[in-house]
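Please read the structure below before turning to the comments.
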Amino acid sequence: MRYFGPKSLSSVMAKALKVLWVLALLATILAPFAGTAVIYFSTPQGEAFLEKVKTGASSCIKPGDLDGADLSAKDKADWAKFKAVPLPLKLLMLPYGMAVLLLLLTVLSRARRLFESFRDDRVFRQENVALMKNLAKLLIAYGVLTFSFNTLLIAVILLMACEVIKNGAVLQEEHDLTV
Amino acid sequence: MPIIFRLDRVMADRKMALNELGRRIGLTDSNLSILKTGKAKAVRVATLEAICRELRCQPGDLMEYQAGEPSHD
């Protein structure tokens, strides 16, 4: 299996990361609206509005259509737990969620650029060292925010790999400038 | 860089173009250009030998040392 260059694993990864980046961007754009709606409907005012809709205040929906019969017992219990969370804490979840999504977006963008560089057979370059260091720092921040030890471990391994690529970049430059 | 290549001077004396020299010694124009513009970090002995053979010169004719800022590696 080829790892670098055209039609290699790097090429596949670059394409996959592009798709993931677009999905993450859509999620980032929709998240504030979805999050606000969820928080609103968990408040007494939001519940009253939902009740109005259920009892047929809207002419488009018949009573009983939104009985929530599709919700499992676990979902109902989770929803009840979420409703019990104080409003200030619920409001804090929105910026936290946005921060996590924006970090994810940046991580995916950097990773895509790195794999695009590998796809173009530009492996041992100083710009890749800078990209990898940047990516490692972003992953550390992401790991801390999401309490993910695996992400932190990957970030540390990436930082070490940076040193290898750095030495490789020096050797590559020497090789390129040897006549 | 203290070591300067006088490749263009010797090529002009021998009336040889860069692309012709490259074709004879098996180097691309861009590689020879690296040498000519002083960007080269190292020269293989085999390359030096090939240039001297085609330009009918000595290695000392191609290089000149000028004391000055040392190159930082």
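Since every read-out is calculated from the coordinates, none of them should be taken as a lab result. Just so we're clear, the structure is a prediction, and the values are computed from it rather than from any experiment. Ideal geometry is used to build each Cβ from the backbone, glycine not excepted, and the neighbour counts take in all protein chains shown.
Assuming R0 = 45 Å, can you tell me the calculated FRET efficiency for the pair residue A:120 and residue A:78, based on Cβ-Cβ distance, to the nearest 0.05? Working shown, then result.
Details: r = 46 Å, r/R0 = 1.03.
Efficiency, from the Cβ-Cβ distance: 0.45.
Along the Cα→Cβ direction, 7 angstrom out, place labels at residue A:43 and residue A:149. What is the inter-label distance in nm?
So the label points at residue A:43 and residue A:149 sit 4.0 nm apart.
Taking 1 over the mean of 1/r across every pair of different Cα atoms in the protein assembly as shown, what Kirkwood radius in Å do you get?
Numbers: mean 1/r = 0.0409 Å⁻¹.
Computed over Cα pairs of the protein assembly as shown, the Kirkwood hydrodynamic radius comes out at 24.5 Å.
Sequence-distant or interchain residues sharing an amide H contact under 5 Å with residue B:63, placed H: which?
B:6
Of A:137/B:39; A:133/B:36; A:52/A:76; A:15/A:90; B:15/B:39, which sit over 29 Å apart, Cα to Cα? If you can, show how the numbers build up before the last one.
Working: A:137/B:39 34 Å; A:133/B:36 36 Å; A:52/A:76 20 Å; A:15/A:90 36 Å; B:15/B:39 23 Å.
The pairs that break the limit, which is 29 Å between Cα atoms, are A:137/B:39; A:133/B:36; A:15/A:90.
With r defined as the distance between the Cβ atoms of residue A:12 and residue A:161 and R0 fixed at 25 Å, what FRET efficiency is calculated, to the nearest 0.05? Please report the intermediate quantities before stating the final value.
Values: r = 20 Å, r/R0 = 0.79.
With R0 = 25 Å, the Cβ-Cβ based efficiency is 0.80.
Let me have the relative contact order for chain B, percent, based on Cα pairs under 8 Å that are six or more residues apart.
Values: 63 pairs, mean separation 41.0, N = 73.
Contact order relative to length: 56 percent.
Remind me, relative contact order of chain A in percent, using alpha carbon pairs under 8 angstrom and six or more residues apart? Spell out each step's value before the answer.
Working: 150 pairs, mean separation 49.1, N = 179.
RCO, chain A: 27 percent.
Which helices pass in chain A if a helix is a full DSSP H run, must span at least 27 angstrom along its long axis by Cα, and must have mean Kyte-Doolittle hydropathy not below -1.0?
Once both thresholds are applied, what remains is A:9-41, A:87-119, A:126-145, A:149-176.
Pick from A:23, A:101, A:50: which residue has the top mean-square fluctuation in a GNM of chain A where Cα pairs under 10 Å get a spring?
Its mean-square fluctuation being the largest, the pick is A:50.
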